[in-house]
Amino acid sequence: MPFLGFISAQACRHWQDASPFLPIFSFHEKHQSAPLNALPESIIHAVQTLDMHEDPLIKHLLALRQLPDRLRRRIAPAPSFSLDSFTLLHQDSDELSFGLVGRFWQSALMFPKPEDAQQFLQFADPNAAKLVLRFKVITDSAGETRLCTETFVYCPTPGVKARFSCYWLLIRPASGWIRRRTLRLVQRKLAVEVSSPET
């Protein structure tokens, strides 16, 4: 069991079902939803169309993370951080993967955005980390359908890993809350879609 999401090189080598967009990583976080009564493609569509800012706690936590940048800008508003800030890497009927690159530990949430999966794979800034956020529909041992969200982070140098480690320990609790509430937000969205009459 990884300690606080830190992944050793040995554990990474034996990892099952790692993201093909980030086969080597040093940090990992995973959460899964309650059972969902929906088809995989409907679940993935709900993630695609999700507005995380609909959840008050997520909205406030993201605003808090952006506060240093907003104060630094003073007049010019900082761009809102959401799934649109990520690069879409892969999409099919039961999986959705997003990529993000940058110096996440810095106050400004202004990261270079690769245009596509190929650019993400080719990104090689020795002073920046790479992150993959994956949503995947799984079937558990009881045969129930669930949505799983995973975060993988790769740091190219010991210096970047040290800086990201401090940031990871600081934001990990809030990040976990956001992931769990995102899963519940998807669940509520699916429930509304099921209960809404067809037009």
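The values are calculated or read from the model by the stated rules, or taken from the named source; none is laboratory data. Small disclaimer: the values here were computed from a predicted structure and weren't measured. Glycine also receives a Cβ, built like all others from the backbone with ideal geometry; neighbour counts cover every protein chain displayed. For the accessible areas, the whole protein counts, side chains as well, though only heavy atoms, and no ligand, DNA or RNA atoms are used. Shrake-Rupley method; radii C 1.70, N 1.55, O 1.52, S 1.80 Å.
Counting Lys and Arg as +1 and Asp and Glu as -1, each charge on the Cβ, what is the dipole of the chain about the Cα centre in debye, to the nearest 20?
Here the size comes out at about 1160 debye.
Which entry in [x] 0.97; [y] 1.06; [z] 0.99 is this structure's computed Rg/Rh (Cα atoms, Kirkwood Rh)?
Only one option fits the structure, namely [x].
To the nearest 0.05, how large is the calculated FRET efficiency for residue 121 and residue 188 if R₀ is 35 Å and r is the Cβ-Cβ distance?
0.50
Mind checking which of 138, 156, 176 is farthest towards the positive end of the range 134-199's charge dipole, using Cβ charges of +1 (Lys, Arg) and -1 (Asp, Glu) about the Cα centre?
Positive-most Cα among the choices belongs to 156.
Taking only C-alpha pairs under 8 Å that are 6+ residues apart, what is the relative contact order of the chain in percent?
29
What distance in nm separates the simple spin-label points at residue 157 and residue 34, each placed 7 Å from Cα in the Cβ direction?
4.7
Most mobile of 142, 34, 174 per a Gaussian network model of the chain (Cα springs, under 10 Å)?
Result for the chain, Cα springs under 10 Å: 142 fluctuates most.
I want to check a number: in the range 112-196, how many lysine pairs have alpha carbons closer than 25 Å, given a sequence separation of 8 or more or different chains?
The result is 5.
Over the chain, give the accessible area per residue in Å² for a 1.4 Å probe, as an integer.
56
Under 5 Å between amide H atoms, partner at least 5 residues away or on a different chain: which partners does residue 103 have, H built in plane at 1.01 Å?
Here 129 satisfy the definition.
On the accessible surface of the chain, probed at 1.4 Å, how many percent belong to carbon and sulfur atoms?
So the carbon and sulfur contribution to the accessible surface is 57 percent.
Helix-only mean residue ellipticity at 222 nm, the chain, DSSP H runs n ≥ 4 weighted -39,500 (n - 2.57), per residue, nearest 500. What is it?
-12500 deg cm²/dmol
Which whole DSSP H helices in the chain pass both tests: a Cα extent of 18 Å or more along the axis and a mean Kyte-Doolittle value no lower than -0.5?
56-73, 158-195
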